[in-house]
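Participant: First the structure, which I've put down as structure tokens, then a few questions once you've had a look.
The values are calculated or read from the model by the stated rules, or taken from the named source; none is laboratory data. Here the structure is a predicted model, which is why all the values come from computation and not from measurement. Backbone-built Cβ (ideal geometry, glycine too); neighbour counts: all protein chains shown. Note: areas computed on protein heavy atoms with side chains; ligands, DNA, RNA excluded. Shrake-Rupley method; radii C 1.70, N 1.55, O 1.52, S 1.80 Å.
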Amino acid sequence: MPPRCRLPALLALAFVAAAGCSRPPALAVTDAWVRPLPPGQHMTAGYLRVRFNGAAGESARLTGVESPLFGAIELHETRLVDGVNRMRPVAGVTLGAGETVEFAPGGLHLMLMRPSDTARGATEIPLVLHFDGRDSVRVQALVGQRGPDGG
Amino acid sequence: MKSRYQLTITLVLAVAAMAAGVAVQRGLDAPSATAALAAGTAIVPPRPLTPFSLQFGDAGVFDKSWLEGRHTLLFFGFANCPDICPTTLATLADTVERLRAAGSPEPAVVFVSVDPERDTPEAARDYARFFDASFHAATGDDPALKELTKPLGILFMDVPLGSGGYTVDHSTALLLIDPGARLAAVFSAPHDAETLARDLERVLAEA
């Protein structure tokens, strides 16, 4: 390399290194899974864990979820009131800095509706989680049956 | 001093009374499997069901006579239920698997759909069988369902959803019916397969 280019090259390398430097993502979505579609049914539930690694005072609000394999996905919450199951839609979920929210059986869950033909036999469901004023997060949800503790 | 005759009678009665006392005490102390349920509450004495008639997914009639001679677990839900119903049916499938693995008799499982508008008996059967091939399913119109659910304290009601559809709020208790078609135990949510299997193993072994 000509001597003239060495410093700019080094600086460029430094910038690239700094940009690629791993920093924990503000939003981490893990352990996403979806129950398989029962025969003849057009709706199933999805679960996952979301963690917001923001600075103190910051918050993140999950407002919706989409998937190329389902026509519509809604956020719902199961509530057991005196032994009676009540499922209600949820407009959004806000996470404070350092907070983890679990979508798990018996609580918050995704209701995945209008499955495409491919959805029925899929072993993984791609999900896109939308947050207010933030980049969406993409995740692959594994299809399978799990117990009430998600295990 | 009383006559020897009277003394003998007194002694015999005293011994008999003591023996009876011991027997009663033993009976009271004896642990009853159904009274010691970990996952639910035993109904003592078991409560006879009132008559009802629903339709099984495979076109048989589900009524009191079907319940006689076997233990049955009843679960009330609907197929368009994304969370609680699949979770409970998956737990029930896990439960019967554990009983089978332990070589224990298993109860019949009947999923009763409280959403006959959307769940035909056949659709309910296919739904239930998805979780375990042995599961039965039945449904009927609202009045027919209420004949079964009301006396058992099971509630269900349609609730509109903003998206234009509706959900069905429903009781989540699992009901154990004994071979005399009587309510023998109630298992409340949340349900755990391991605990449920242990309780059922004891109850069915005792029967």
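Participant: Hey, rough spin-label estimate for A:ALA72 and B:ARG100, points 7 angstrom out along Cα→Cβ, what's it come to in nanometres?
Facilitator: Result for the modelled spin labels: 3.8 nm.
Participant: Would you work out the charge dipole size for chain B about its Cα centre, treating the Cβ of every Lys and Arg as +1 and the Cβ of every Asp and Glu as -1, and quote it to the nearest 20 debye?
Facilitator: 1420
Participant: Could you give the distance between the Cα centres of the stretch B:103-146 and the stretch A:117-132, to the whole Å?
Facilitator: Taking the Cα centre of the stretch A:117-132 as reference, the centre of the stretch B:103-146 is 29 Å away.
Participant: Between chains A and B, what is the buried accessible area in Å², counting both sides, with a 1.4 Å probe and ligands, DNA and RNA left out, to the nearest 100?
Facilitator: Separately minus together, A and B give about 2100 Å² buried.
Participant: With an 8 Å cut-off on Cα pairs and a minimum separation of 6 or more residues, tell me the relative contact order of chain B in percent.
Facilitator: Relative contact order of chain B: 31 percent.
Participant: Taking a ≥ b ≥ c as the square roots of the Cα gyration tensor eigenvalues, with a/c under 1.5 meaning rounded and otherwise prolate when a/b beats b/c, else oblate, which class fits the stretch A:57-151?
Facilitator: Cα axes put the stretch A:57-151 in the oblate bin.
Participant: With the Cα gyration tensor of the stretch B:80-121 giving a ≥ b ≥ c as the square roots of its eigenvalues, does the rule (a/c under 1.5 for rounded; else a/b larger than b/c for prolate; else oblate) give rounded, prolate or oblate?
Facilitator: oblate
Participant: What number, rounded to the nearest 500 deg cm²/dmol, is the helix-based mean residue ellipticity at 222 nm of chain A, given -39500 (n - 2.57) per DSSP H run of at least four residues and division by all its residues?
Facilitator: Helices in chain A give a 222 nm mean residue ellipticity of -4500 deg cm²/dmol.
Participant: Compute the label zone of A:SER59 within the stretch A:83-107: residues whose backbone N is under 19 Å from the point 7 Å along Cα-to-Cβ.
Facilitator: A:90-103
Participant: In what order, largest first, do B:ILE43, A:ILE125 sit by accessible area if the probe radius is 1.4 Å?
Facilitator: Descending accessible area places them as B:ILE43, A:ILE125.
Participant: What's the angle, to the nearest 10 degrees (0 to 90), between helix B:84-101's Cα axis and the longest principal axis of chain B?
Facilitator: Helix B:84-101 sits roughly 50 degrees off the main axis of chain B.
Participant: Still on this structure, please answer the following. Counting only other chains, what is the mean number of Cβ atoms within 10 angstrom of the Cβ of each residue in peptide B:105-115?
Facilitator: 0
Participant: Report ³J(HN,Hα) in whole Hz for each residue of the stretch B:157-173, in order, from the Karplus equation J = 6.51 cos²θ - 1.76 cosθ + 1.60 where θ = phi - 60°; Gly and Pro get x.
Facilitator: 7, 6, 10, x, 10, x, 6, x, x, 8, 10, 10, 6, 8, 5, 10, 5
Participant: How far apart, in nm, are the 7 Å Cα→Cβ label points at A:HIS130 and B:ASP58?
Facilitator: If labels sit at A:HIS130 and B:ASP58, their model points lie 4.6 nm apart.
Participant: Sorted by accessible area with a 1.4 angstrom probe, largest first, how do B:CYS85, A:CYS5 fall?
Facilitator: Ranked list, largest accessible area first: A:CYS5, B:CYS85.
Participant: Give me the angle, in degrees from 0 to 90, between the Cα long axis of helix A:3-20 and the longest principal axis of the Cα atoms of chain A, rounded to the nearest 10.
Facilitator: 20
Participant: Still on this structure, please answer the following. In percent, how large is the relative contact order of the stretch B:63-116, given Cα pairs closer than 8 Å and 6 or more residues apart?
Facilitator: 57
Participant: To the nearest whole number, what is the average tally of beta carbon atoms from other chains within 10 Å of the beta carbons of peptide A:36-42?
Facilitator: Taking all residues of A:36-42 together, the mean is 6.
Participant: Taking R0 as 25 Å, what's the FRET efficiency between B:VAL44 and B:LYS146 from their Cβ-Cβ distance, rounded to 0.05?
Facilitator: 0.45
Participant: Roll a 1.4 Å probe over the protein heavy atoms and report the accessible area of B:TRP66 in Å², nearest 10.
Facilitator: 40
Participant: Another question about this same structure. For the protein assembly as shown, what is the accessible area per residue in Å² when the probe is 1.4 Å?
Facilitator: With the other protein chains kept in place, the protein assembly as shown gives 50 Å² per residue.
Participant: Please state the shape class of the stretch B:53-207: rounded when a/c is under 1.5, otherwise prolate if a/b exceeds b/c and oblate if not, all from the C-alpha gyration tensor.
Facilitator: Judged from the Cα gyration tensor, the stretch B:53-207 comes out prolate (a/c at least 1.5, a/b above b/c).
Participant: How many partner chain Cβ atoms sit within 10 Å of a residue's Cβ in peptide A:78-84, on average, as a whole number?
Facilitator: Other-chain Cβ atoms within 10 Å of each residue's Cβ, averaged: 5.
Participant: Can you give the accessible area of B:GLU117, probe radius 1.4 Å, in Å² rounded to 10?
Facilitator: 150
Participant: If you don't mind, there's one more thing I want to ask. With every protein chain left in place and a probe of 1.4 Å, what is the accessible surface of A:ARG120, to the nearest 10 Å²?
Facilitator: For A:ARG120, the solvent-accessible surface is approximately 100 Å².
Participant: From the phi angles alone, apply the Karplus equation (6.51, -1.76, 1.60; θ = phi - 60°) to the stretch A:38-55 and give each ³J(HN,Hα) in whole Hz, x where the residue is Gly or Pro.
Facilitator: 3J(HN,Hα) across the stretch A:38-55, in whole Hz: x, x, x, 9, 10, 7, 8, 9, x, 9, 5, 10, 10, 10, 10, 8, x, 6.
Participant: Another one. Tally up the carbon and sulfur contribution to the accessible surface of the protein assembly as shown as a whole percent, 1.4 Å probe, everything protein left in place.
Facilitator: That share works out to 58 percent.
Participant: Okay, moving on. How would B:PHE78, B:PHE156, B:PHE130 rank on accessible area, largest to smallest, probe 1.4 Å?
Facilitator: Most to least solvent-accessible, the answer reads B:PHE130, B:PHE156, B:PHE78.
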